[in-house]
Amino acid sequence: MDLLWLIPAFPLLGFVILFATQGRLGELPASLIGAGSMGLSALAAAFVGYEFVSSGETVFTQTLWSWMQVGGFNPSFTLYLDGLSLVMMGVITGVGFLIHVYATGYMKGEDGFSRFFSYMNLFVFAMLMLVLGDNLLVLYLGWEGVGLCSYLLIGFYHHDPANGYAARKAFVVTRVGDTAMALGMFLLFKELGTMDIQAALSGAQATWPEGSPVVTAIALLLLGGAVGKSAQLPLQTWLPDAMAGPTPVSALIHAATMVTAGVYLIARTHDLFLLSSTAQLMVASIGLATLFISAFTALTQTDLKRILAYSTMSQIGYMFFALGVGAWSAAIFHLMTHAFFKALLFLAAGSVILALHHEQDIFKMGGLWRRLRIPFVSMLIGSAALAALPLTSGYYSKDLILLKSWSFNPLFWAGASVAALLTALYSVRMISIVFFGEMRTEPHEHKAWNLSLPLIVLSVLALAGGWFGLAPLAAVLPDGGIDHDPYAAWLVWGTASIPIIGVVLGFFIFYPPAKSHERNLSAGVKSLQGFLFSGWGFDTLYRTLIERPFNAIAHWNRNDIVDSLFTLIVTIATWTSNLIARSQTGQLRWYAANMVIGTVIVLMIAVVVS
Amino acid sequence: MSTAEYLALAPLLTISGGLTIMLLVIAFFRSHRVAHVSALVTLAATVLSILTCTPDSPQVVLDLLVVDGFAGYFMLLFAAMGIITCTLAYRYLEGRSGGLEEFYILVVTATIGAMTMAMAQHYATLLLGLEILSISLYTMIAYPQETHAPLEAATKYLILSGVASTTMLFGIALIFMASGDLYFSSLMADASGPYHTLGQLMLLTGLAFKLSLVPFHMWTPDVYQGAPAPVTGYIATVSKGALFALLLRFALVSDVLSVSAVFVALSTIAIASMIIGNVLALMQQNLKRLLAYSSIAHMGYMMIALLAISALTDTATAVESAMVYLLGYFLMTATAFGVISIQSNAKENGDAELISHYSGLFWRNPLLASVLTVTMLSLAGMPLTVGFIAKFYLFAAGVESNLWALLWALVIGSAISVYYYIKVIFTMTLNEQPDSYAHPETTWSTRSTLYALGLAVLVLGFYPTPVIELIGQLLSGFSD
């Protein structure tokens, strides 16, 4: 287990090499370094994970170094491994490695090939810091690091200003959440005096009674950060636009890992949320609202990647929902299975998009199933898992969430079940329109092992990834891992049948795909569709409520009242500096005289004091 | 003298022996390279002897000197700085006229003086060390003969130093009158008598001049500007470091800070240095003068560690913070003047001293510009550089001893300082390129020394533990 430090070290090294060479490496060496460092990291992670599980320990810490020791202040840099960080680490390095391999094929011939991999490696390093850090400071560093990489990679195709806008939007919107999170951390530090996560959690349990306003405030502020990073209501608007980045980026950052950081944060600080039922209800409600809204929106989208983006929001909504209803382990379980099948869906979509020369409109696709066999089968498996059809990985995790929500509140169960139905519907719609019916664009399949191998491996994971459960979580999360409480038979069967009903229903509505192409809708339905299409009008809402007033205020205050205060300080400093500088005459007699005056002043002070 | 005493004195004997050999070599065989190399060998041998011969517990030699881990640490810094100065000076001097060989002898004698001060526990040794150091420095400053600026600087320094030394001697005489002996520890008996207080204050005035504390600071920018860049770096580090080491030991042994008049006077001087030093640097266009003013401020910061001794029951924290700060200050200052020296190699006479000379350095020489950038950030005290660690230690020592007025001055001074340090970095990113400074000639040894220093500034900001542990170890045998 002493190799733990190597896991983040490899991607960091990869980043340093790729960054230092500034794109002078060819594509092959850059691929070898970019994906190879991830491979080594994944190997190390597998080794450490095996050792950790077989050792039977629940926690392993590795202090890399202490920064300084001044009096009692001794900040150290420590990695912390437990069941939760183990799962996250496995997902990040494993899925991350596959996506890196895929990217070596996908990005072939693009400008900035090695820049792309340097950012990707940096991202993985930051993400690993986020989940392995033992104190909030390191976690926050990783948190901001992944945000930065996300910004850089969304705007990767920087010749198009729209991509730059999308990158800025993602950065600014998540910043709102980050600010809340930073405030939460400050409050936690002020109240408990420690940045160490475990110490803070046990301190919180010892200090505050259940439902104390302080702990509620901290939990809600941390939730703010989680909501921003994980694209949940009301900070969800950045994720669909983030699809401007290359598809492997969408798969890695905006599906499998970074956007689930919020789920990790809440699971990591679960003791705080357990102390505040208000905060927990809030988590569940936000999750439910998001999964509902985004599932409806996904039904109306026409851009393949945006469908997947809304679907991601909705699935993360499930995770929040699970955290809120107390199905902690199920949330992390779903995080893992979602990473498998959503990465698979994105990569398969990437292959489709690549074959169609970067065409993303599903209505210009169709009939591709004969020509793009591997992407088709992958997408089929991915969608089955997304819709949670029985025996796929998504079924195990989502089913568990739904069942657990029944004992929390049957109304929540009902809401989540309807959304599960919607998930099946939009999955069928996507498959039907993209792969069946009339072929509208001629595909040119790129046949390369590095494009197909990750799809095959991820397909296996998306199918079988849920069969084994997640034993190490039991020691970390309060619900004691993934167990199957006895539920009424009708509930179990009913819950399991929802996706099947959804798929059958979807088949009748969306097959053959021609039905979706030629539809005469009434004006009312059209405007409803437009409303759903725009993501329930959140962008417009924020533009009117926040952007416009903000711009107006900024325009009104264009001479900046606050700034004049600083200008004043500058003026005073400059004036004083010029005044004192006059004493530096360069004349020896004045210097000597000044020394005598100085001595006299010192002696005068002595006389006055004594 | 016993064997133990000889052994403890080994560094001083090594460097003096080396000096004698150097004198003979230069007398018979005039070669710049040979003089340079023999100085390096002498100083390297000194470093080795310090590392091997520093005794675990304090060893008093002939009543006048005391050799302990504390002295060893500072001697190591001085000798190392001597090596760096010789390395930087080689290429710098070669482009200039006049006999070059004696320069290295002066560096070695100055280092002897500084080492003596680090070991002094008696006013006679204090004066001896100080004068060996100062007289070597006057000549080193005046070494280049192309322009009259170095000569002017040396003259100013000589005369003002004379004033300071006289004041100091008068103070020592008063102390002798009151106590009857010349050991630092003799003050203990009756520290607050009127003659004592007067003597202490006059002594401290003299020391404050050498440390260029306000209001005895006026010589600093003129001398820094006039002296050749490698020598300025030496003055800024070794001369001040030796004075500070001496002051630290003096304060620890003599308990002088328990006299409230001394404490108040030194606090006032420290606060004034921090504020006025930084304010003066604000509008400065000359990098050497800027660094002079900044050194005034840094000396003010370091006084916090000194003053913390008085208020702390556990003086180790204060001494430790002073030692950490001095190391950081040495690294940063040596690097900054190293960059100036290298850039000055491209000039026929004088130095590349205007900030505008560095405009566009990032595009001409990115590595050198990065080194200077790291140094400037470190001087400003940015986290993840050694400057931050050093300042943090000072702050911790100050907080523990409740020196709030001084800490406020530290905060305000640091805030002001960020502006002028950043200004240097900003200038380096500009696009203008004065042709004459485009490609200074350098040797690989100069370059690698400089890169190593810049790296140390950075690495010790991440990972200062080894140094901190070393200091703790050295201080474990140090009695106060």
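Data for the structure
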item: Compactness index (Cα Rg / 2.2 N^0.38 Å), the protein assembly as shown; result: 1.12
item: Area accessible to solvent at A:Leu391, 1.4 Å probe radius, in Å²; result: 110
item: Interchain or long-range residues, amide H under 5 Å from B:Leu354's placed H; result: B:Leu287
item: Candidate aspartates and glutamates - alpha carbon under 16 Å from B:Lys347, same-chain residues fewer than 8 apart omitted; result: B:Glu94, B:Glu146, B:Asp435, B:Glu441
item: At R0 = 60 Å, FRET efficiency that the Cβ-Cβ distance of B:Ser260 and A:Asp160 yields, to 0.05; result: 0.25
item: Under-5 Å amide H pairs with A:Ser66, H placed in peptide plane, nonlocal only; result: A:Phe77
item: Inter-label distance for A:Ala206 and A:Thr544, nm, one decimal - labels placed 7 Å from Cα along Cα-to-Cβ; result: 5.3
item: 12 Å reach of a label modelled at B:Val60, 7 Å along Cα-to-Cβ, counting backbone N of the stretch B:1-36; result: none
item: Over 26 Å (Cα to Cα) - which of A:Lys169/A:Lys404; B:Lys210/B:Lys288; A:Lys229/A:Lys364; A:Lys342/A:Lys404; A:Lys229/A:Lys305 fall in this group; result: A:Lys169/A:Lys404; A:Lys229/A:Lys364
item: Sequence-distant residues sharing a close amide H with B:Val67 (under 5 Å, placed H); result: B:Gln59, B:Val60, B:Val61
item: Calculated from backbone phi, Karplus (6.51, -1.76, 1.60) coupling profile of the stretch A:51-65 in Hz, x at Gly/Pro; result: 4, 5, 5, 6, 6, x, 6, 9, 9, 9, 10, 9, 8, 7, 6
item: Expected 222 nm ellipticity per residue - DSSP helices of 4 or more, -39500 (n - 2.57), all of chain A, to 500; result: -23500 deg cm²/dmol
item: Reach of A:Lys526 by Cα under 19 Å, taken over lysines that are not fewer than 8 positions away in the same chain; result: A:Lys515
item: Eligible lysines near A:Lys108 by straight Cα distance, threshold 17 Å, same-chain separation 8 or greater; result: A:Lys447
item: R0 of 56 Å, Cβ-Cβ distance B:Ser476-A:Phe468: FRET efficiency to nearest 0.05; result: 0.50
item: Cut-off of 10 Å, at most 14 other beta carbons, DSSP loop: longest stretch of chain A lacking such trypsin sites (Lys or Arg not before Pro); result: A:25-369
item: Chain pair A, B: total accessible area buried, heavy atoms, 1.4 Å probe, Å²; result: 3200
item: Probe 1.4 Å - accessible area at B:Ser401, Å² to nearest ten; result: 10
item: Under Karplus coefficients 6.51, -1.76 and 1.60, residue-wise ³J(HN,Hα) of the stretch A:532-539 in Hz, glycine/proline x; result: 5, 4, 7, x, 6, x, 5, 4
item: ³J(HN,Hα) computed for each position of the stretch B:396-408 - Karplus, 6.51 cos²θ - 1.76 cosθ + 1.60, integer Hz, glycine/proline x; result: 4, 4, x, 5, 5, 9, 6, 8, 5, 4, 5, 5, 4
item: Fully extended contour minus Cα-Cα distance, from A:Gln587 to A:Thr278, at 0.36 nm per residue; result: 103.9 nm
item: Chain B - mean residue ellipticity at 222 nm from DSSP helices (-39,500 (n - 2.57) per run, n ≥ 4, rounded to 500); result: -25000 deg cm²/dmol
item: Equivalent-ellipsoid semi-axes of the stretch B:3-475, from the Cα gyration tensor, Å, largest first; result: 33, 26, 21
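The values are calculated or read from the model by the stated rules, or taken from the named source; none is laboratory data. The structure displayed is predicted, hence computed values, not measured ones. Neighbour counts are summed over all protein chains in view; Cβ atoms, including those assigned to glycine, are modelled from backbone coordinates with ideal geometry. These area figures cover heavy atoms from the full protein model, side chains too; ligands, DNA and RNA do not enter into them. Shrake-Rupley method; radii C 1.70, N 1.55, O 1.52, S 1.80 Å.
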